[in-house]
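Visitor: Take this structure first; my questions come after.
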Amino acid sequence: MKLVSQLVLTAATLTLVFATVEAKSASAAIINYAFTVDSPVTKGNGFFSFDDSTFSNEDKPVATIKSLSFQFDGDSNVYTEKDDIKYPNFPLVFPTTSLTGKTSLGLDYLFNDKSNPSSSISYEIIGEDLTIFSRTSPDAKLISGRVLYTQVPEPTPLVGALFACTLGWMMKKKVTSMKKVIF
């Protein structure tokens, strides 16, 4: 009898957890990503978000970024979506496949150096590639780097899973205490 009640309780808890997670992922939502850039001359971290229902219906779908915040390590300047040279049509996010075959999202973001406005240095992020180049000197050496993305989990499924686990734990305590009273 004890095994059956535990199995029923576990099944109910798992059903609630999966129902909570699936309900959110089936609908359009604001998706949040963190990204890091790493090159021989600079590193930095940023975040961006977009509405996944706004992907275009093209062969290579894209969506416009809703918000973006990026900062190089050791630099007080914060770069936003409005710093993209082609704003408001850019920056964009697009689906990409890495060399390992993993599908994720990439950023298309082109911005000028804020720390020294008189310089001709620009930064371009396209997918997993960072390029640092000079807008005025075609002979200047290009500097390449890597961009890594991590999806930031939404709090709603996490809260739902925590609620379901807590509810399951409370029900287990109740069943245990009822068994003690009956016997």
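The values are calculated or read from the model by the stated rules, or taken from the named source; none is laboratory data. Keep in mind it's a predicted model, so treat the numbers as computed, not measured. Neighbour counts are summed over all protein chains in view; Cβ atoms, including those assigned to glycine, are modelled from backbone coordinates with ideal geometry. To get the accessible areas, we keep the full protein, side chains included, count just its heavy atoms, and leave off ligands, DNA and RNA. Shrake-Rupley method; radii C 1.70, N 1.55, O 1.52, S 1.80 Å.
Visitor: Residue by residue through the stretch 94-124, note down the ones that are touching a Ser or Thr at 6+ places or on another chain (Cβ under 8 Å), of a type outside the set (S, T, N, Q) and closer than 22 Å to V62 by Cβ.
Guide: Listed by number, the residues that qualify are P95, L105, G106, L110, F111, Y123, E124.
Visitor: Let me ask you something else. Are any residues in the stretch 63-104 crowded, with 16+ Cβ neighbours inside 10 Å, closer than 21 Å to P153 by Cα and either of a type in the set (A, V, I, L, M) or free of Cβ contacts under 8 Å to residues at least 24 places away in the same chain (or both), and if so, which ones?
Guide: Those that are crowded, with 16+ Cβ neighbours inside 10 Å, closer than 21 Å to P153 by Cα and either of a type in the set (A, V, I, L, M) or free of Cβ contacts under 8 Å to residues at least 24 places away in the same chain (or both): A63, I65, L68, L92, V93.
Visitor: Restricting to the stretch 33-43, count the residues that are assigned to a strand (DSSP E or B), of a type outside the set (A, V, I, L, M) and at pLDDT 95 or above.
Guide: 4
Visitor: L158 passes all but one of (1) modelled with pLDDT under 90; (2) in contact with a Ser or Thr (Cβ under 6 Å, 6 or more places away or on another chain); (3) open to solvent by 30 Å² or more (accessible area, probe 1.4 Å); which number fails?
Guide: Unmet condition: (2).
Visitor: Test of understanding: among I126, I132, which residue is open to solvent by 40 Å² or more (accessible area, probe 1.4 Å), closer than 13 Å to V147 by Cα and either at pLDDT below 95 or not acidic (D, E) (or both)?
Guide: On the way: I132 fails: open to solvent by 40 Å² or more (accessible area, probe 1.4 Å).
Only one candidate passes the filter, namely I126.
Visitor: Here is a follow-up. Which of the residues that make up the stretch 44-71 are aromatic (F, W, Y), modelled with pLDDT of 95 or more and more than 13 Å from the chain's Cα centre (by Cα)?
Guide: Passing the criteria: only F70.
Visitor: Next question. Output the residues belonging to the stretch 113-123 that are more than 19 Å from F47 (Cα to Cα) and open to solvent by 40 Å² or more (accessible area, probe 1.4 Å).
Guide: Result: S115, N116, P117, S118, I121.
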